[in-house]
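Peer 1: Next up is a structure, given as structure tokens.
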Amino acid sequence: MDGLGRRQLLKALAGGAFLLATGALGACGFQPLYGTDAQGGTVSDDLAAVRIAPLAERTGQMLHNFLRDRINPYGQPIDPRYELRLALREVREETGIRRDETATRAVLTVLASFVLVDLADQSAALTGQARASSAYNILDNRYASSVSAEDALERALRALSEELKLRLAAHFSATSN
């Protein structure tokens, strides 16, 4: 068999393996997260029905805005079916230490405990904890260190909002089937 025939055979085998794999996913009940459920609703519809409870302090306000943009980008729902309640905690750990015992690097971890409340009966539809971390440099210039820390906080909050959105979407996807 020449080089060209061998390549065509390998190409055909790869295509067959792909079809077999996608067929197996369909047979095991795999479905897209943002697809339509049996009642014609979507996970996006469920996410748009979530009101995010106000959070205290600047960190909470930033997370609230990131979540609102991801969960319901058109604003808070007028007639929400759910309310997401969060409690936040920040932990800063200095990791890079110089010989003079000053820190040069830090890791910021934001922890969130959350409850998704079904407003129809005030029951907890979903509870859990999520976390996100971001590292930053501690510089000799205080302003530069402050900007670096603020950027790390924003990155961690964006990652946390994305994790929370995915957790809510997975919950809604599992409960709609």
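Peer 1: How large is ³J(HN,Hα), in whole Hz, for each residue of the stretch 86-99 in order, when computed from phi with the Karplus curve 6.51 cos²θ - 1.76 cosθ + 1.60 and θ = phi - 60°, using x for Gly and Pro?
Peer 2: Values per residue, Gly and Pro as x: 10, 10, 10, 8, 10, 10, 10, 10, 7, 10, x, 10, 7, 5 Hz.
Peer 1: Starting from the Cα of Ile97, step 7 Å toward the Cβ, then list every residue of the stretch 126-164 with an amide N under 17 Å from that point.
Peer 2: Answer for the stretch 126-164: 138.
Peer 1: R0 = 30 Å: FRET efficiency of Ala135 with Arg6, Cβ-based, nearest 0.05?
Peer 2: About 0.05, to the nearest 0.05.
Peer 1: Using alpha-carbon pairs under 8 Å, 6+ residues apart, how would you state the relative contact order of the stretch 116-177 in percent?
Peer 2: Relative CO of the stretch 116-177 lands at 27 percent.
Peer 1: Could you work out Rg/(2.2 N^0.38 Å) for the stretch 55-177, with Rg from alpha carbons only?
Peer 2: The stretch 55-177 yields a ratio of 1.27.
Peer 1: In nm, give the distance between the simple-model label positions of Asp45 and Glu150, each being 7 Å from the Cα along the Cα-to-Cβ direction.
Peer 2: So the label points at Asp45 and Glu150 sit 4.2 nm apart.
Read-outs throughout are calculated quantities, based only on the coordinates presented, and are distinct from any laboratory measurement. Note that the structure is predicted; figures quoted are calculated from it, not measured. Note: ideal-geometry Cβ built from the backbone for every residue, glycine included; neighbour counts use all protein chains shown.
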